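Below you'll find the structure, written out as structure tokens, and then a few comments.
The values are calculated or read from the model by the stated rules, or taken from the named source; none is laboratory data. The structure displayed is predicted, hence computed values, not measured ones. Here the Cβ is made from the backbone with ideal geometry for all residues, glycine too, and neighbour counts use every protein chain on show. What goes into the accessible areas is simple: the full protein's heavy atoms, side chains included, and nothing from ligands, DNA or RNA. Shrake-Rupley method; radii C 1.70, N 1.55, O 1.52, S 1.80 Å.
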Amino acid sequence: MANAGMVGLDWQQRINWDRLRKYRLERARARMKAAGLGAMLLMYDENVRYVTSTLTPGWNRLKPGLRYAMLCGDDAPVLFEQGDIGMQIERHSPWIPKDHIRWSYAWIKGAAGAASLAQVKKFTNAIKEEMKKANVAGMKLGVDFIDINMLKVFAEEKIDWTDGMTPMMEARAVKNEDEQEALRMVGAIGDAAHWEFMKFLQPGRTENQLTAHIMQYLYSVPGMEDVEDVIVSSGPNTWPNWRNFSDRIVKPGDIVFMDLAALTWNGYKSCYYRTYCAGKEPTSEQKDIYATALKWLYDSIKAVKVGTTTREIASKWPSAKEAWGYAEEDQAAANLWGHGLGLAQYDQPVISRIWSLDHPIEIKEGMVFALETQHGKKFEWGVRIEEMLIVHKDKIEIISSFPVEQITVVDPIPGYSTLAGR
């Protein structure tokens, strides 16, 4: 559909949210059954949302157990919402049957010691009751999160539990047409944000001022739920890439990069780097280093096709020793990188020389992921670039459209680009 628009209309088919909700639920159920599970207990935000299509507010994220969901056999999902918020779920999410909305029994980042154990016992009793209602009592339970209190009580209650994150990641890996369109929208928002960054960037502004401006810009977009991070790094902060921002002042001639790290539109996330030079033309050395990073990126993109594996993609990148003289691949973690995009920042496939060479994953039609490369001079400057793409049966669709062929130069001053060593 290629970005028909952000809002729903009666005269034009856009994202079909009802179809999207049903696709996600039944795909999760299919992977659950394929894994030999009778039920799944889902505590991570991306998995709860995938199955229930309900929103986890910002204060609730990264706190597994404040709210959670269960998928049992062929039954509708059951949502355990914090406190009395379930009454709002009844209003806003009518696809969850009212008799499948519960209050949660939470303890993480709240209760401790004996109080935690008491809560987990109530939590576990509720799980057993839901499995009994759905006629899957005694079957294997997939769990996407576990803590020490759950280990103790699950053992006491003889809960037969196993890995539930893998089937959920397998489910989330392949996007239907509506999810793909949502991610095209994410790409279009990212294009606009980089254009806004280009206009706002100038020497004298600080990294945190640039970050704040893009944050404000993004939160004005309809459907924007969260901006997990905007990374703005300049000068010596760009290599090694510390993936952060500070109050450093951008100087004339500084290399600057900006990453839209998980802008979240209707649940779907971005990852989208571009590299800039402020106030001067980049040096010949900087252009050469950028050209190297760009070649690494597009060599890996050209390797993407249905039926290939993450091994073939990662093999297009040099080793950490070849590129930077590092002792092992883990020292260059995320320098040459790929990761799925969806309701989580790291859907499958996650691509790295660290594991992809020995543990490859097949590339499938409908996967959506980002590939990113970087290079630089230690504590002087570095470049980083990234593209987001959708895998189709017979082609690759790149959904990040801001120019990438060269470093984006912002307001260069003529005649100040060729001084030796600058």
Is region 341-356 home to any residue that is open to solvent by 50 Å² or more (accessible area, probe 1.4 Å), in a strand (DSSP E or B) and not aromatic (Phe, Trp, Tyr)?
-> no
Any residue at all in region 133-145 that is open to solvent by 50 Å² or more (accessible area, probe 1.4 Å), among the charged types (D, E, K, R), in contact (Cβ under 8 Å) with a residue 12 or more places away in the chain and farther than 16 Å from MET40 by Cβ?
-> no
Assess whether SER233 counts as being closer than 24 Å to PRO412 by Cβ and out of contact with any Pro (no Cβ under 9 Å at 6 or more places or on another chain).
-> yes
Could you list, in sequence order, all residues of region 357-369 that are part of a strand (DSSP E or B) and open to solvent by less than 50 Å² (accessible area, probe 1.4 Å)?
-> MET367, VAL368, PHE369
If you go through region 1-18, how many residues are under 20 Å from PRO94 (Cα atoms), modelled with pLDDT of 90 or more and open to solvent by less than 80 Å² (accessible area, probe 1.4 Å)?
-> 3
Give the number of residues within region 209-222 that are at pLDDT 95 or above and open to solvent by 60 Å² or more (accessible area, probe 1.4 Å).
-> 5
Quick one: would you say ALA137 is farther than 22 Å from GLY86 by Cα and in contact with a helix residue (DSSP H, G or I) (Cβ under 6 Å, 6 or more places away or on another chain)?
-> yes
Is region 294-314 home to any residue that is open to solvent by 10 Å² or more (accessible area, probe 1.4 Å) and on the phi > 0 side of the Ramachandran plot?
-> yes
Under the condition of being in contact with an Asp or Glu (Cβ under 8 Å, 6 or more places away or on another chain) and over 16 Å from TYR273 (Cα atoms), which residue from region 199-208 is most open to solvent (accessible area, probe 1.4 Å)?
-> GLN202
Exactly one condition in (1) touching a Phe, Trp or Tyr at 6+ places or on another chain (Cβ under 8 Å); (2) under 22 Å from LEU294 (Cα atoms); (3) small (Gly, Ala, Ser) is not met by SER356; state its number.
-> (1)
Residues of region 62-91 satisfying the condition of being under 21 Å from TYR346 (Cβ atoms) and open to solvent by 50 Å² or more (accessible area, probe 1.4 Å) | LEU62, LYS63
For residues that are open to solvent by less than 10 Å² (accessible area, probe 1.4 Å) and free of Cβ contacts under 8 Å to residues at least 60 places away in the same chain, tally how many sit in region 375-416.
-> 0
Could you list, in sequence order, all residues of region 262-283 that are part of a loop (DSSP other than H, G, I, E, B) and farther than 14 Å from ALA182 by Cβ?
-> CYS271, TYR272, GLY279, LYS280, GLU281, PRO282, THR283
Residue, surrounded by the most Cβ atoms within 10 Å (Cβ to Cβ), within region 223-241, restricted to residues that are over 18 Å from the mean Cα position of the chain (by Cα) and in a loop (DSSP other than H, G, I, E, B) = TRP239
Considering only region 146-166, state which residues are out of contact with any Lys or Arg (no Cβ under 6 Å at 6 or more places or on another chain), open to solvent by less than 70 Å² (accessible area, probe 1.4 Å) and of a type in the set (Val, Ile, Thr).
-> ILE146, ILE159, THR166
Counting only residues that are charged (D, E, K, R) and open to solvent by 10 Å² or more (accessible area, probe 1.4 Å), region 176-198 contains a total of 4
Looking only at helices (runs of 4 or more DSSP H) that fall completely inside region 108-178, which ones have 1 or more residues that are under 30 Å from LYS22 (Cβ atoms)?
-> 114-133, 165-173
